[in-house]
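Inspection log for the structure reproduced underneath, given as structure tokens.
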Amino acid sequence: MPSDLEIKDQRPEIRNKKILVTGFGGFIGSHLTEKLLNDGYVVIGIDEFNDYYDPKIKERNISLFKNNKNFFFNKVDIRDKNSVNEIFARHKPDIVIHLAARAGVRPSLQQPVLYEEVNVLGTLNLLEAAKNNNCKKFIFGSSSSVYGECKNIPFKETEVNLKPISPYGVSKLTGERYCYTYSYLYKIPIICLRFFTVYGPRQRPDLAIYKFTNLIEEGKPVPVFGDGVYKRDFTYITEIIDGITGSMNYDKSSFEIFNLGESHTTSVIDLVKLIESATGKKAVIDWQPIQAGDVPLTYADVSKAEKLLNYKPRTKPEEGIKKFVEWYRENLCRVI
């Protein structure tokens, strides 16, 4: 299936500009790396290829660009400070886009120390390397999980009463705090991007849309927690990539936080119905109790990103789910 990423003109002023992308083998990272290479950038990739899910999925993700002459593959754990420093010293990246992380709210409840080590210490290692190698910009992939159970809806970047309720959310908020500190102390331009429930082709198999699609296709029960009315701001992958690339060009201040979402909410039970419509199959619902760490609602105010990054979300869940199911079927994807 052709990529949704449009290949744009390779402008002379950006050709050979070096972008370091952590987590390049993952869902968002592989789409971003493909886009940057198509646009004429040199990409230095860092990814651990850990066993959070089958590494073969990441191998498939990077198959479209791993042999590109402008791509440099580094299998490195961002907790390994010496290896991170060596990569920065060798390649001298202009921009860092930090997407590598231990992801997932529920797993973070079982392994909070691991999430602290990867998401906080790993981020600190990258900030130190960026500082020591005169990087021109640092972009941090944060999460809507930092808002937690905030009562002010929709969520705005100006919210001060942040209430993350999972170790994952806390680790992302701590990463943002370190980003602000390094921007303030060392004058590194830094942007933190709060992603809202990203989905689309190459999505991780543990995420709801992939998992539900797989179960519905196989005729197996779909676990729905609580009463199914929890709502999420589902954001299609190409819009997240637009937001990231837009932030690369932002230069009006030294530190900013932006929400990247669809600014539209869909309940879990309505999500199941959309997948039923896209697959033409009926779901068997397995009702489950509410899970610890789950928030009842995520809902992004994206007016700041629209104004300053020219961010324009366009893909409604009805369209995006259809695209995902097409990709799923064409790639014969199943949870491994």
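Every number in this text was worked out from the coordinates using simple rules, so none of it is lab data. The model shown is predicted, which means the values in this text are computed figures rather than measured ones. Note that we place each Cβ from the backbone using ideal geometry, even for glycine, and neighbour counts take in every protein chain shown.
In the chain, the longest principal axis of the Cα atoms and the axis of helix 167-186 are about 20 degrees apart.
For the Cα atoms of the chain, what angle does the longest principal axis make with the long axis of helix 81-91, in degrees from 0 to 90, nearest 10? Helix 81-91 sits roughly 60 degrees off the main axis of the chain. Measuring against 27 Å, Cα to Cα, the residue pairs Lys18/Lys156; Lys163/Lys220; Lys69/Lys172; Lys18/Lys75; Lys56/Lys156 contain Lys18/Lys156; Lys163/Lys220; Lys69/Lys172; Lys56/Lys156 as the ones spanning a longer distance. Determine which aspartates and glutamates satisfy two conditions relative to Lys316: a Cα distance under 17 Å, and not lying fewer than 8 residues away in the same chain. Straight-line reach from Lys316, under 17 Å: Asp4, Asp233, Glu239, Asp242, Glu262, Asp270, Glu276, Asp301, Glu306, Glu326. Calculated mean residue ellipticity at 222 nm for the chain: -11500 deg cm²/dmol, from DSSP H runs with n ≥ 4 weighted as -39500 (n - 2.57), summed, divided by the residue count and rounded to 500. Once you put a point 7 Å from the Cα of Ser303 and another 7 Å from the Cα of Val160, both along the Cβ direction, what distance in nm separates them? Once both label points are built, they end up 1.9 nm from each other. Each part gets one Cα centre, and for region 245-315 versus region 102-134 those centres are 23 Å apart.
Rounded if a/c is under 1.5, else prolate if a/b is larger than b/c, else oblate: which is region 232-336, with a ≥ b ≥ c the root eigenvalues of its Cα gyration tensor?
On the way: a/c = 2.50, a/b = 1.70, b/c = 1.47.
Verdict is prolate for region 232-336.
Relative contact order of region 71-153: 41 percent, from C-alpha pairs under 8 Å at least 6 residues apart in sequence.
Computed from the C-beta positions of Arg177 and Ser277, the FRET efficiency with R₀ = 45 Å rounds to 0.60. When the chain is treated as a Gaussian network with alpha carbon springs shorter than 10 Å, the biggest mean-square fluctuation among Ile191, Ile62, Ile97 belongs to Ile62.
With both residues required to sit in region 204-335, DSSP beta bridges show an antiparallel share near 25%. Note on the chain: with a GNM built from Cα contacts shorter than 10 Å, the maximum mean-square fluctuation among Ser183, Ser277, Ser253 falls on Ser253. Pairs over the 26 Å Cα-Cα cut-off, from the set Lys231/Lys282; Lys273/Lys304; Lys131/Lys151; Lys58/Lys151; Lys137/Lys322: Lys273/Lys304; Lys131/Lys151; Lys58/Lys151; Lys137/Lys322.
Starting from the Cα gyration tensor of region 137-268, take the square roots of the eigenvalues, sort them a ≥ b ≥ c, and report rounded, prolate or oblate (rounded when a/c is under 1.5, otherwise prolate if a/b is larger than b/c, else oblate).
On the way: a/c = 2.38, a/b = 1.76, b/c = 1.35.
Prolate shape, in that a/c is at least 1.5 and a/b is the bigger ratio.
Relative to the longest principal axis of the Cα atoms of the chain, the long axis of helix 208-218 lies at roughly 40 degrees. Amide H to amide H, with H built 1.01 Å from N, Leu297 comes under 5 Å of Lys231, counting only residues 5 or more places away or on other chains.
Across the chain, the relative contact order, built from alpha-carbon pairs under 8 Å that are at least six residues apart, equals 17 percent.
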